Amino acid sequence: MILKTNLEDMNSLIIEGKAMEAFDKYYDDNVIMQENENPPIIGKEENRKRELDFFDSLEKFHKAEIKSSAIGDETTMVEWVFDITPKGMPQTEMKQVAVQKWKNNKIINEKFYYDASSKIKEGT
């Protein structure tokens, strides 16, 4: 099952701290990405900028952990927990669910669902 293999490889890259490598490898040139109900961002280059802006806003990306995942008909879902330290802020745990729609082994649409208020880890 190619979709399962691609999802596992993409997730492994993210866990290894290689999110942009995963982005380059698995996202379509015309990808549409959306966070919650914010307006979608269209195109790989615009979304690359958004991704890089996110990583530039971090003092440290500690780790990423998958809580669960699912695979359907050209659709995948991953429940993530990210341990991050934003610049000038305490270490934070960010939880999100990413839903990806695939075509020709590339993600053509991805939507992120999360609570914008992150849990601050105790003792930091």
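Rule-based calculations on the coordinates, nothing more; no lab input. For clarity, every value in this text was computed on a predicted model and none was experimentally measured. Ideal geometry is used to build each Cβ from the backbone, glycine not excepted, and the neighbour counts take in all protein chains shown.
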Just one listed residue, out of Glu74, Glu93, Glu35, is closer than 21 Å to Met1 by Cβ and of a type outside the set (Lys, Arg), and it is Glu74
Odd one out for Glu21 among (1) within 28 Å of Met1 (Cα to Cα); (2) touching a strand residue (DSSP E or B) at 6+ places or on another chain (Cβ under 9 Å): (2)
